[in-house]
Each structure stands twice: as structure tokens, then as C-alpha cells.
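Each remark here refers to the structure printed beneath this line.
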Amino acid sequence: MGFPALIVAAGSGQRLGAGGPKALVPLCGRPLYAWSVDAFRVARSVDRVIVVVPPGKADEFTEPGIETVDGGEVRSESVANGLRHLASGGSGDLIVVHDAARPLVTPDLVDAAVEALQSAPDLDAVIAAAQVTDTIKRVGRDGTVEETLDRSVLISVQTPQVFRLGALERAIETGDLVAATDDASLIEAAGGSVGVIEAPSGNIKVTVPGDLDLAARLLEPDN
Ligand code: CTP
Ligand code: MG
């Protein structure tokens with residue numbers, strides 16, 4: 001059985017600075033978001049792909065087979081809009097959330113995250129993440145180092161993130177959507193349990209222009 005997926009693509013892409021929505025920026029000849037749509041189409045665990053788009057731009061999201069819904073001011077509001085859209089269309093008990101800004105996501109990672117949550121009844125969510133390899137320090141307001149953190153217990157969080165639908169709906173209802181940079185933090189704040197699955201190193205996020213070049217090299221290494 002397949003579950004619905006929300007690909008959040010409603011951001012403006014300020015840091016990329018392309019002069020338009022990041023999700024529509026060309027990457028190896030196709031809009032950035034289309035690469036994620038491809039992976040979710042292939043993933044066996046997904047049967048419905050909803051792309052959350054910048055308000056007024058739905059016409060420009062033309063990948064076949066997708067549904068579109070307008071996003072909100074901040075990322076978690078975009079996810080909330082996607083959930084409301086789902087509620088009107090019926091759904092299973094899990095939902096996958098992914099950032100369009102991660103075009104190298106693989107169908108295997110999506111399926112593995114879904115399977116990990118299905119096989120862990122005590123968890124409310126499973127998120128893709130990488131072990132931190134840099135040494136991380138906490139700095140004060142004046143920019144000087146206050147503390148070196150224990151790297152062995154730190155992970156760098158990515159998407160896809162898979163949720164029990166009811167848990168995510170409740171967490172979004174009660175959470176601080178403006179402060180949240182991912183949806184799992186809303187689950188944590190609501191007292192829920194979040195598991196982790198190791199992501200492949202290629203699952204990079206396109207944030208600044210150099211990331212777009214790196215993503216292009218990873219997608220088409222021979223060019
Ligand atoms: N996103 C969204 N709705 C928002 C803000 C962000 O759907 N109101 C999505 C983006 O489209 C992106 C993902 O959340 O796929 C991660 O956000 P980020 O990388 O910060 O993208 P942008 O917000 O577009 O970029 P920036 O912060 O540089 O403006
Ligand atoms: Mg942003």
C-alpha cells in the first residue's frame with residue numbers, strides 16, 4: 001500500500017538569489033522540484049505526490065501526475081496547507097514530507113524511511129539524517145566560542161521525513177510554526193518520539209548557487 005507525499009516547494013529561494021522560486025530553477029535541463037517528483041514516483045511506498053507551491057504559481061508546476069496546493073509564509077505553514085489538502089482527499093496513516101530543495105533524494109531512501117516507521121510502532125516519525133563529521137562549537141552573541149559539542153551524539157537532519165499522520169496534524173495544530181525549521185521538531189515539542197535513518201551522502205540541499213553546481217555534477221557526473 002502506498003502513502004501520500006508532500007514535496008514542499010513554496011519557498012522564495014532568497015539565498016539562491018535566482019530572481020524566482022527556487023523550485024523552478026533549472027537543474028540539468030529540468031526544474032529543481034521535478035527531480036524529487038521523479039524519485040517519489042518511483043518509490044513503492046508512495047502513491048500520491050502533492051507539491052506545495054508558491055501562491056499563484058501553480059500553473060508553472062507542470063510535471064504530470066502531481067497535485068498542487070498553495071504554500072504559506074513559512075515552511076511548516078506550507079506543510080500545514082498540504083495536510084489540509086490531504087484531509088479533503090482521504091489518506092492512509094503515514095505521510096512523507098520532503099523539501100524540493102533536495103533533488104538527489106532516492107526512491108530507496110524514501111522507501112527505507114517508510115519501512116522504518118512501519119516497523120517501529122513506538123515512533124511517531126522517522127527522519128533522514130547524516131552523522132556530523134565536522135567538529136561543532138557553540139558560539140556566544142559576540143562570536144567567541146563557548147563550548148565544543150560532543151560530535152558522536154550529533155546528527156545533521158535532512159528530508160525525507162515520515163510521520164504518523166495524526167501525530168503530525170496534532171503537532172502542527174499546537175506548535176510554533178514560525179520557529180520550526182523542520183516538522184520533526186514540532187513532534188519533539190509535542191512530546192513525540194522521532195527515529196533516525198542514515199541518509200546517503202549525496203542527499204544534498206540546494207541553498208546557495210554553489211550547491212546548484214554540485215547537484216548538477218552529482219546528477220550528471222559525465223558532463
Ligand atoms: N518552503 C516552503 N514554504 C515556505 C518556505 C520554504 O514550502 N514558506 C520549502 C522550500 O521550497 C524548500 C524547503 O521548504 O523546498 C526548505 O526551505 P529552504 O531551503 O529554506 O528554501 P527557501 O525558503 O526557498 O530558501 P531561502 O530560505 O534561501 O529563501
Ligand atoms: Mg527558507
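The values are calculated or read from the model by the stated rules, or taken from the named source; none is laboratory data. The model shown is predicted, which means the values in this text are computed figures rather than measured ones. Every residue, glycine as well, gets a Cβ built from its backbone with ideal geometry; the counts of neighbours run over all protein chains shown. Each accessible area value is taken on the protein alone, full model and side chains, heavy atoms only, with ligands, DNA and RNA left out. Shrake-Rupley method; radii C 1.70, N 1.55, O 1.52, S 1.80 Å.
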If I filter region 128-144 for residues that are open to solvent by 40 Å² or more (accessible area, probe 1.4 Å), within 14 Å of ligand 1 (Cβ to nearest atom) and not aromatic (Phe, Trp, Tyr), do I get at least one hit? no
Restrict the check to region 182-190 and report whether at least one residue is more than 28 Å from Gln14 (Cβ to Cβ), open to solvent by 60 Å² or more (accessible area, probe 1.4 Å) and not in a loop (DSSP other than H, G, I, E, B). no
Residues in region 1-56 that are of a type in the set (Lys, Arg) and more than 16 Å from ligand 2 (Cβ to nearest atom) total 4
Residues of region 37-55 satisfying the condition of being assigned to a loop (DSSP other than H, G, I, E, B) and more than 9 Å from ligand 1 (Cβ to nearest atom): Ala43, Arg44, Ser45, Pro55
Of all residues in region 56-82 being part of a helix (DSSP H, G or I) and among the hydrophobic types (A, V, I, L, M, F, W, C), which is farthest from Leu168 (Cα to Cα)? Ala58
Go through (1) more than 14 Å from ligand 1 (Cβ to nearest atom); (2) crowded, with 16+ Cβ neighbours inside 10 Å; (3) closer than 21 Å to Ile50 by Cβ for Val206 and report which single condition fails. (1)
I'd like to know if region 64-80 contains one or more residues that are touching a helix residue (DSSP H, G or I) at 6+ places or on another chain (Cβ under 9 Å), more than 21 Å from Asp183 (Cα to Cα) and within 14 Å of ligand 1 (Cβ to nearest atom). no
For region 14-36, check the following and say yes or no: at least one residue is at pLDDT 95 or above, closer than 16 Å to Val97 by Cβ and part of a loop (DSSP other than H, G, I, E, B). no
